[in-house]
1. Mind checking which of 82, 16, 49 is farthest towards the positive end of the chain's charge dipole, using Cβ charges of +1 (Lys, Arg) and -1 (Asp, Glu) about the Cα centre?
2. Could you work out what % of the accessible surface of the chain is carbon and sulfur, using a 1.4 angstrom probe and leaving DNA, RNA and ligands out of the count?
3. Please label the shape of the stretch 19-90 as rounded, prolate or oblate, based on the square roots a ≥ b ≥ c of the eigenvalues of the alpha-carbon gyration tensor (a/c under 1.5 means rounded; beyond that, a/b larger than b/c means prolate, else oblate).
4. Mind checking which of 39, 29, 2 is farthest towards the positive end of the chain's charge dipole, using Cβ charges of +1 (Lys, Arg) and -1 (Asp, Glu) about the Cα centre?
5. Want the number for residue 20 to residue 52: 0.36 nm per residue separation, take away the alpha-carbon distance, what's left?
6. Going by alpha carbons, how many degrees (0 to 90, nearest 10) lie between the helix axis of 69-89 and the longest principal axis of the chain?
7. Report the chymotrypsin sites (Phe, Trp or Tyr not before Pro) located in the stretch 1-59 that are in a DSSP loop and have at most 13 other Cβ atoms inside 10 Å of their Cβ, or state none.
8. When only DSSP loop residues count, what trypsin sites (Lys or Arg not before Pro) in the stretch 1-62 have their Cβ near at most 14 other Cβ atoms within 10 Å?
Amino acid sequence: MGGAVLFNIVTFHFVLKQRHPLLAPSFSLPTRKDITKELVIGSAIFGLGWGLAGFCPAPALVSAVTGKVPIIVWLASVVVGMKVYKQLYS
């Protein structure tokens, strides 16, 4: 993770100086800076899930190809969580 953070610290500034991203017509950056109850609760749930599973989301997705049951259960839980969120907030 440290390597990824260092890489982004160095390159993010240069990326934003481009007119647009490589594969999109414009940058889409967040503009809100307020901290809402939903943000705090969602962050807590995300952190608990990450801590309980012991996986960062991207490596867990890649690990799913191993077919190990705990990883598949984790991935299914993520999908269910996204569907529940979409039903509640769309």
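The values are calculated or read from the model by the stated rules, or taken from the named source; none is laboratory data. Because the structure is predicted, anything quoted here is derived from the model rather than measured. Virtual Cβ from ideal backbone geometry, glycine too; neighbours counted across all protein chains shown. Just the protein is used for accessible areas: all its heavy atoms, side chains included, with ligands, DNA and RNA removed. Shrake-Rupley method; radii C 1.70, N 1.55, O 1.52, S 1.80 Å.
1. Among 82, 16, 49, the one farthest towards the positive end of the dipole of the chain is 16.
2. C and S fraction of accessible area: 72 percent.
3. Details: a/c = 2.07, a/b = 1.35, b/c = 1.53.
Cα axes put the stretch 19-90 in the oblate bin.
4. Of 39, 29, 2, it is 29.
5. Separation in residues times 0.36 nm, less the Cα-Cα distance, equals 7.7 nm.
6. In the chain, helix 69-89 runs at an angle near 60 degrees to the longest axis.
7. Those satisfying the criteria are 27.
8. Here the sparse-neighbourhood loop sites are 17, 19, 32, 33.
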